[in-house]
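Contents: one structure, followed by commentary.
The values are calculated or read from the model by the stated rules, or taken from the named source; none is laboratory data. Here the structure is a predicted model, which means the values were calculated and not measured. Don't worry about glycine lacking a Cβ; one is built from the backbone with ideal geometry, like all the others, and counts go over all protein chains shown.
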Amino acid sequence: MSIQIKFNDDPANMDATALVLDLRNSTALHRLLKKKRERMLIVKMMIGIHEEILNYLYEHSGVGEDDFAFNDTGDGYIIVFTNESHAFSCVLCAVHLRNFLSKHIDKFNKELKIDRSNLRYSFGIGVHTAYARLIEMEYETSDNEVFSKKFILGDAANSSARVESMTKNFVDVDLLITKNTRLKCHKQAAPKFKNLFKKDSSCMNLIGEVRHIVGDHKPDGHILYTISDQFNADYEKLKKTAK
């Protein structure tokens with residue numbers, strides 16, 4: 001079988017928002033888990049997370065396939081949105097994934113029944129708005145089957161990974177967004193959703209300012225926020241109101 005590989009033309013930088021999701025303790029747990037039952041449970045969990053992400057992106061995000069890209073990293077994911085309301089779309093995706101994982105991760109840990117270590121699966125999500133380039137590569141086989149993949153480059157993805165790493169500094173924080181993203185959400189969201197992203201919104205909890213964690217050379221650092229659980233109820237309530 002021969003394969004032909006084609007790259008799209010070098011694309012321009014685009015305004016974008018990226019989220020990075022990391023499953024914690026995955027490597028350490030893989031060293032411990034030897035039983036077939038345990039290994040199969042991990043496979044089942046990873047398939048479930050992957051299915052949830054694909055289902056959300058392609059069926060429920062409201063974003064066209066040309067306006068997002070995602071890569072899996074083995075025990076995590078990078079998802080980038082480049083649509084006109086990319087920050088709003090990315091935050092909704094991040095909240096959805098946090099809700100899904102919060103509901104299932106504890107149940108999974110109990111099902112795994114780890115009794116050799118205090119390690120447990122947990123997760124962190126970081127969201128940042130900057131720029132991205134999506135380079136598409138197309139594979140065509142001798143059987144005329146075509147596969148494609150988008151490579152994600154740029155500050156949005158790299159910096160969101162650094163924001164995600166900041167969640168490790170807190171006990172009860174599993175989702176952080178930057179001020180860049182909050183401001184873009186306030187600008188991009190439909191009028192009825194704008195109050196969710198105001199500085200004094202009960203849905204936005206200020207963490208503080210950090211420096212030198214992202215790669216976009218902002219001299220005065222970045223302000224980070226968590227998104228409170230109140231966001232879910234307020235967003236669903238507002239969705240039901242008239243436009």
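Looking at 103, 150, 107, which is the one that is charged (D, E, K, R), over 30 Å from residue 233 (Cβ atoms) and over 14 Å from the mean Cα position of the chain (by Cα)? Before you say what the answer is, go through the steps one by one.
On the way: 103 fails: over 30 Å from residue 233 (Cβ atoms); 107 fails: over 30 Å from residue 233 (Cβ atoms).
Just one listed residue meets the conditions, 150.
Looking across the stretch 75-112, the residues that are closer than 25 Å to residue 37 by Cβ and in contact with a Leu (Cβ under 9 Å, 6 or more places away or on another chain) come down to 75, 76, 101, 105, 108, 111, 112. Each residue in the stretch 1-34 was checked for being modelled with pLDDT of 85 or more and either assigned to a helix (DSSP H, G or I) or within 14 Å of residue 156 (Cβ to Cβ) (or both), and 7 pass. Can you spot a residue in the stretch 137-158 that is farther than 19 Å from residue 228 by Cα, touching a Leu at 6+ places or on another chain (Cβ under 9 Å), among the aromatic types (Phe, Trp, Tyr) and surrounded by 17 or more Cβ atoms within 10 Å (Cβ to Cβ)? The answer is no, given that none of the residues of the stretch 137-158 is farther than 19 Å from residue 228 by Cα, touching a Leu at 6+ places or on another chain (Cβ under 9 Å), among the aromatic types (Phe, Trp, Tyr) and surrounded by 17 or more Cβ atoms within 10 Å (Cβ to Cβ). Do we find that residue 209 is touching a Phe, Trp or Tyr at 6+ places or on another chain (Cβ under 9 Å), at pLDDT below 90 and surrounded by fewer than 21 Cβ atoms within 10 Å (Cβ to Cβ) in this structure? Here the answer is no, as residue 209 does not meet what is asked. Cβ-Cβ contacts under 8 Å between residues 6 or more apart (or on different chains), taken from a first residue in the stretch 48-61 that is without any contact (Cβ under 8 Å) to a residue 12 or more places away in the chain to a second residue that is among the acidic types (Asp, Glu) and in a helix (DSSP H, G or I), are listed as 58/65.
Please count how many residues of the stretch 63-105 are in a helix (DSSP H, G or I) and without any contact (Cβ under 8 Å) to a residue 24 or more places away in the chain. Steps first, please.
Taking the stretch 63-105 first, the residues in a helix (DSSP H, G or I) are 65-67, 86-105.
With without any contact (Cβ under 8 Å) to a residue 24 or more places away in the chain added as a condition, the list becomes 65-67, 103, 105.
The number of residues fulfilling the criteria is 5.
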